[in-house]
Amino acid sequence: MELTEKKARLSAYFAEHKKVLLGFSGGVDSAFLLAAAKEAGAEAVACFVKTPFQPQFELEDAQRLADQLGVELHVIPGDPLSSPQVIRNDPRRCYYCKQIIFSTLRTYADELGATLIDGTNATDPEDDRPGMQALRELSVQSPLRLCGWGKADIRAESNRMGLFTWDKPSYACLATRIPTGTPIDAETLRRVEGAEDALFSLGLSDFRVRVFHGAARIQLPESQWHISEALREEIVRKVGAYFDTVLLDMTPRQPRE
């Protein structure tokens with residue numbers, strides 16, 4: 001499908017759905033979707049659900065993007081850790097977490113008479129992942145997927161529109177740093193966030209700090225290994241403020257869109 005057709009389809013979607021409530025993460029996809037909704041003349045309500053699973057910089061990016069577009073950002077507190085099903089961190093953790101977050105947004109959208117949407121795009125896997133199941137059950141619509149927008153299109157058009165998020169690396173929630181089956185707690189999430197902030201401050205990017213038997217296991221793209229070697233002492237010192245043991249995974253991280 002040509003980009004011009006995708007643009008026409010997305011404009012037609014917002015012509016039909018004139019008031020939308022967007023589950024806004026501050027990432028590439030939802031940022032573009034918010035900008036596209038505004039450009040199409042739709043009334044878009046941007047909602048960021050702040051939980052211990054989102055690092056502070058994601059909220060800051062969401063606020064910065066909303067400010068750039070002149071859109072009010074609604075920040076709603078959420079607490080997935082109030083759910084025993086989330087805490088136990090089994091393979092369906094994402095289902096229970098999405099249920100909590102998007103049930104809150106569903107209630108708000110219904111009160112406003114708005115269509116509830118999210119930023120899932122056409123290149124995201126179409127499978128029975130638990131999180132996708134939760135979105136279907138709550139009747140969350142995904143305009144980017146419906147209109148054929150893949151990640152490459154979204155990045156290119158975001159760049160054209162001047163959105164700073166156009167080249168932002170994809171970022172999964174902090175809960176993904178904890179191995180499935182290991183219970184999640186707020187303190188571990190705080191330590192992971194602190195360790196990743198430390199690596200960001202050293203100029204590294206698109207990495208993960210994963211919890212491995214109580215240690216910090218750092219995954220880096222191969223292109224940044226030479227940087228990590230030059231900064232080895234700084235990495236150990238800064239990440240060591242949050243974890244007693246700091247490990248470098250010798251298998252390169254493969255960035256995913």
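Of all the residues in region 17-34, those that are in contact with a strand residue (DSSP E or B) (Cβ under 9 Å, 6 or more places away or on another chain) and either touching a residue at least 40 places away in the same chain (Cβ under 8 Å) or of a type outside the set (A, V, I, L, M) (or both) number 12. The set of residues in region 216-239 being surrounded by 15 or more Cβ atoms within 10 Å (Cβ to Cβ) and not β-branched (Val, Ile, Thr) consists of Ala216, Arg217, Gln219, Leu220, Pro221, Gln224, Ser228, Leu231, Lys238.
Residue check: Ile100 meets all listed conditions (1) over 16 Å from Leu22 (Cβ atoms); (2) out of contact with any helix residue (DSSP H, G or I) (no Cβ under 9 Å at 6 or more places or on another chain) but one, namely (2). Only one entry in Asp110, Asp79, Asp29, Asp61 is surrounded by 23 or more Cβ atoms within 10 Å (Cβ to Cβ) and either among the acidic types (Asp, Glu) or out of contact with any helix residue (DSSP H, G or I) (no Cβ under 9 Å at 6 or more places or on another chain) (or both), namely Asp29.
Of everything in region 235-255, what is charged (D, E, K, R) and at pLDDT 95 or above? Give them in sequence order. Across region 235-255, the qualifying residues are Arg237, Lys238, Asp244. Where helices (runs of 4 or more DSSP H) fall entirely within region 114-179, those with at least 3 residues that are buried (at least 17 other Cβ atoms within 10 Å of the Cβ) and touching a residue at least 40 places away in the same chain (Cβ under 8 Å) are at 151-161. Across region 174-204, the number of residues qualifying as under 15 Å from the mean Cα position of the chain (by Cα) and at pLDDT below 95 comes to 0.
The values are calculated or read from the model by the stated rules, or taken from the named source; none is laboratory data. Remember, predicted model here, so these are calculated numbers, not experimental data. Please note: Cβ atoms are built from the backbone with ideal geometry, for glycine as well, and neighbour counts cover all protein chains shown.
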